[in-house]
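Worksheet: the structure to be examined is printed underneath.
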Amino acid sequence: MPLRAHYAAAFALATMIAVAGHDGFTQAVTPTNVLPNPYRAVENWAQLPAGRSWGSTSAVDIDPDGVSVWVAERCGAQGFIPLARWKEGQPFNCATSTLDPILKFDASGRLVKSFGAGLSIFPHGLHVDRDGNVWLTDGIGKDGKGQQVLKFSPDGKLLMTLGKAGIAGAGPDTFNAPSAVLVAPNGDIFVGDGHGGDTNARIVKFSKDGKFIKTWGKPGAAPGELDIPHALAMDSQGRLFVGDRNNNRIQIFDQDGKFIVEWKQFSRPSGLFIDKNDILYVADSESESVRNSNPGWKRGIRIGSARSGEVTAFIPDPVEKIVGTSAAEGVAADAMGNIFGAEVGPKRLMKYVKK
């Protein structure tokens, strides 16, 4: 069988299982590990000021100009420090830093803007809306700070906050480890609320002025249930894609929370991005490396169609075996199709261009 036909047959089988509906959500999907990689890596593309080093970068998005790149960077710190293990005086991501966690780079990789110092503890999710406003989720609460979603103007003015500073909860005005945020074309705000453990496992919807509308989801693995809603994206049809990471799947909902379908062929999703042509980019930073998750699947960035669910390309993690998160956790693509991966473990921003 020709190689292309082999890919097509494997994909058809995987898609048939992945979209089987309520009765098929527990079935296995053949790993999409053997796919073309038409990209090459560009290291050290984004240049930080002299004396500043990269910390963990879990989030990246593209400016409305189509070429500028926004990154949420954890103030030089590494990954996640559980509060139970944190010691006074120890660097705690951005909690004790004077560095700006929100960075904007132009098309050449030059830093052109930064802001947000002192306003967050644990920058996690980043979204740039159609007006250029920058939204940030702060996934930890401590000393009257964190557990919020922050909205900034393109110049860094704080315009809105959602959630109660430093207070974890599951009510209409509180979050517990918010991981992702997305603004729909009509201005409605969606928050992926929860990061495993004793945190939440839900999607929260607000109006454009921050008024609570509804919430859906609960812990579990059935359709509509969630276990770490780690990333959000929206396609041209207005469907909400949720990176349900601990369940190794993408769940697709309408904007009222009605479950449509689940896809497992994009592996374990840490990051999601859908461009104007409905090309879907999915970052897998954990398969076979964190708690023996998703065995048989390779980490990396999978590219495919948000319309059909077909996976067409794969940028593999260059590190075959590792304990912990690796490769891109956040992912975005600019108007030219260049891909950007925000990496927590390696602490860097990678750029990928067509070969």
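Since every read-out is calculated from the coordinates, none of them should be taken as a lab result. Predicted model only: the values in this text are computed from it and were never measured. Using ideal geometry, Cβ is built from the backbone for each residue, glycine included, and neighbour counts are taken over all protein chains shown.
Among the listed options (i) 29, 56, 15, 0; (ii) 33, 60, 6, 0; (iii) 23, 51, 23, 2, the one matching P(r) over Cα pairs in 20 Å bins from 0, in percent as calculated from these coordinates is (ii).
Pull out a ≥ b ≥ c, the square roots of the eigenvalues of the alpha-carbon gyration tensor of region 126-239, then state rounded if a/c is under 1.5, prolate if not and a/b is larger than b/c, and oblate in the remaining case. Taking the square roots of the gyration eigenvalues as a ≥ b ≥ c, region 126-239 is oblate. Classify region 296-355 as rounded, prolate or oblate from the Cα gyration tensor: take a ≥ b ≥ c as the square roots of its eigenvalues, call it rounded if a/c is under 1.5, otherwise prolate when a/b beats b/c and oblate if not. It is oblate, given that a/c is not under 1.5 and a/b is not larger than b/c. Distant-in-sequence amide contacts of Lys113, defined by a placed amide H-H separation under 5 Å and a gap of 5 or more residues or a different chain, comprise Lys104. Highest mean packing comes first when the peptides 135-147, 217-229 are listed by Cβ atoms within 10 Å, giving 135-147, 217-229. For region 147-219, the number of Lys pairs separated by eight or more positions or lying on different chains, with C-alpha atoms closer than 22 Å, is 14.
By the gyration tensor of its Cα atoms, with a ≥ b ≥ c the square roots of the eigenvalues, what is the shape of region 211-355: rounded for a/c under 1.5, prolate for a/b over b/c, or oblate? Oblate shape, in that a/c is at least 1.5 and b/c is the bigger or equal ratio.
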